[in-house]
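Asks: Have a look at this one.
The values are calculated or read from the model by the stated rules, or taken from the named source; none is laboratory data. Since the structure is predicted, the reported quantities are computational estimates derived from the model, not experimental observations. Methodologically, a virtual Cβ is constructed for each residue, glycine included, from the backbone with ideal geometry; neighbour enumeration extends over all protein chains shown. Side chains are part of the model used for accessible areas, which takes the heavy atoms of the whole protein and leaves out ligands, DNA and RNA. Shrake-Rupley method; radii C 1.70, N 1.55, O 1.52, S 1.80 Å.
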Amino acid sequence: MKRKRTFKSYCLGIESTADDFSVGISTFGGEILANVVSAYIPPEGGIHPREAARHHAEVASKVLKEAFKKAGIKPQNLSIIAFSQGPGLGPCLRTGATVARALASYLGIPLVGINHCVAHIEIGKLKTGAKDPVTLYVSGGNTIVSAFDSGRYRVFGETLDIALGNCLDVFAREAGLRQRVGEPFGAVVEKLAEKGKRLISLPYTVKGMDLSFSGLLTSATNLLKKGEYKLEDLCYSLQETVFSMVTEVTERALAHTEKKEVLLTGGVAANKRLQSMIKTIAEEHDAEFCVVPSEFAIDNGAMITWTGILAYTHGVATPIQKSFVKLRWRLEEVEVTWVR
Ligand code: ATP
Ligand code: FE2
């Protein structure tokens, strides 16, 4: 009997919105074969976009090679190339987009530009099995409460100034904490907060469904400089306050939409205290609590790969001449053709 040969389709995705350069490879069925991340850690201070972009350009070929090796496929086996088209830092986005365009043109295969925020939601759904959740997406650059309605991921609430993860990162830097490879500032704050006992009052700012963290950050930093409180107690109080704020907004979105799942995604989703707060409100509303595994919580190529497959198989492709990066591409601008 003649054996029927089946050819699998593969997508390679590139993530480069901020400090990480990452390449993911997945089958069209959602089997993630590789997810290689190279993080840029600045010698001191915050991320300088051009320095991060230079890092991305330097590591790109190494990360690509490692991803192909892990996936056990060759570039010629790929069917499409996906890349983070925005939102993010210009120089970083442009470096990833250049690599993606070069690969797609060389291989003669379609290019798919992906919205980074949509990708955080889609990888969360893939990895947890959530179908139609209220999503709390919290990272270094974004703080968004969202749910799907009429063809788009609608924004129910968001930050009016800085993102929650950025608030934790700046506080940690002001406190002179050190970031080690593979250990983000948020995780350092989390460890210290576990030892904190005293709840210090900090500004709690929820305006309607929106949030503000900058006044709170200034207040926490001023208290830190005064030196009257233990760092553990300040970390604990900071976490309790900012996490309560996002939990309040998520709960209201859940009550309003009556969805039956809550998904926690983005880099800050790795935080155990935040997970427990969101789990509690999910249970109170008879909703299932879903949290993205930490490998896929931080910025990663696999989320771009998977969203690229969803988009491409539902009619989305990005011609090279329209593949310019979009620094402020908002979540609800994206037509989500693959969800009904
Ligand atoms: P985006 O472009 O989506 O805003 P990003 O570049 O900030 O993403 P992510 O990897 O999604 O990248 O998120 C990084 C953030 O997650 C940082 O602010 C980091 O401190 C925070 N973070 C990581 N682990 C933890 C943790 N355990 N607790 C709290 N925050 C965490
Ligand atoms: Fe991100």
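Asks: Which loop GluC sites (Glu not before Pro) in the range 232-337, with loop taken from DSSP, have no more than 14 other Cβ atoms within 10 angstrom of their Cβ?
Replies: Sites meeting the loop and neighbour criteria: 258, 335.
Asks: Note the angle between two axes, namely the Cα long axis of helix 272-284 and the longest principal axis of the Cα atoms of the chain, as a number of degrees from 0 to 90, rounded to the nearest 10.
Replies: So the helix axis and the longest Cα principal axis differ by about 90 degrees.
Asks: Could you run the Karplus curve 6.51 cos²θ - 1.76 cosθ + 1.60 with θ = phi - 60° over the range 256-266 and give me ³J(HN,Hα) per residue in whole Hz, x for Gly and Pro?
Replies: Each residue of the range 256-266 in turn: 6, 7, 6, 6, 10, 9, 10, 10, 9, 9, x Hz.
Asks: So what's the angle, to the nearest 10 degrees on a 0 to 90 scale, between helix 49-71 and the longest Cα principal axis of the chain?
Replies: 50 degrees
Asks: Counting only DSSP beta bridges with both residues in the chain, what percent are antiparallel, rounded to the nearest 5?
Replies: Bridges in the chain that DSSP calls antiparallel: roughly 60 percent.
Asks: Tell me, what is the percent relative contact order of the range 121-296, built from C-alpha pairs under 8 Å that lie six or more residues apart?
Replies: Value for the range 121-296: 29 percent.
Asks: Please label the shape of the range 121-296 as rounded, prolate or oblate, based on the square roots a ≥ b ≥ c of the eigenvalues of the alpha-carbon gyration tensor (a/c under 1.5 means rounded; beyond that, a/b larger than b/c means prolate, else oblate).
Replies: Cα axes put the range 121-296 in the prolate bin.
Asks: Under a 1.4 Å probe, what is the accessible area of the chain per residue, stated in Å²?
Replies: Ligands and nucleic acids excluded, the figure is 46 Å² per residue.
Asks: Cα axis of helix 164-174 to longest principal axis of the chain: angle in degrees, 0 to 90, nearest 10?
Replies: Result, in degrees: 60.
Asks: If I take R0 = 41 Å and measure r between the Cβ atoms of residue 335 and residue 58 in this structure, what FRET efficiency does the formula 1/(1 + (r/R0)^6) give, to the nearest 0.05?
Replies: In this case the efficiency is close to 0.70.
Asks: Pairs of alpha-carbon atoms within less than 8 angstrom and 6+ residues apart define the contacts here; what relative contact order does the chain have, in percent?
Replies: Computed value for the chain: 25 percent relative contact order.
Asks: Check which residues have an amide H placed less than 5 Å from residue 34's amide H, if you skip close sequence neighbours.
Replies: Residues meeting the amide H criterion: 25.
Asks: Here is a follow-up. In the chain, what percent of the accessible surface is made up of carbon and sulfur (1.4 Å probe, ligands and nucleic acids excluded)?
Replies: Of the solvent-accessible surface of the chain, carbon and sulfur hold 51 percent.
Asks: At a Förster distance of 41 Å, what's the computed FRET efficiency of residue 77 paired with residue 50, Cβ-Cβ distance as r, to 0.05?
Replies: 0.75
Asks: Taking a quarter of the surface of the convex hull around the Cα atoms of the range 208-335, what do you get in nm²?
Replies: Here the figure is 10.9 nm², rounded to one decimal.
Asks: Just by accessible area at a 1.4 angstrom probe, what is the order of 312, 204 from largest to smallest? Let's see the in-between values first.
Replies: Numbers: 312 80, 204 105 Å².
Accessible-area ranking of 312, 204, largest first: 204, 312.
Asks: Just list whichever of 8/322; 131/259; 125/322; 8/70; 191/230; 69/272 have alpha carbons separated by over 22 Å in the model shown.
Replies: Going by Cα-Cα distance, 8/322; 125/322; 69/272 fall outside the 22 Å limit.
Asks: Note down the nm distance, to one decimal, between modelled labels 7 Å out along Cα→Cβ at residue 207 and at residue 284.
Replies: For residue 207 paired with residue 284, the spin-label model returns 2.5 nm.
Asks: Separate question: Residue-wise, which Karplus ³J(HN,Hα) couplings in Hz belong to the range 88-99, taking 6.51 cos²θ - 1.76 cosθ + 1.60, θ = phi - 60°, and x for glycine or proline?
Replies: x, 7, x, x, 5, 4, 5, 5, x, 5, 5, 4
Asks: For the chain, what D do you get in µm² per second when you plug the Kirkwood radius from alpha-carbon pairs into Stokes-Einstein at 37 °C and 0.692 mPa s?
Replies: Numbers: Rh = 20.5 Å.
Approximately 160 µm²/s, per Stokes-Einstein.
Asks: With contacts defined as alpha carbon pairs under 8 Å and 6 or more residues apart, what's the relative contact order of the range 160-251 in percent?
Replies: That works out to 37 percent.
Asks: Residue 169: accessible area at probe 1.4 Å, nearest 10 Å²?
Replies: It works out to around 40 Å².
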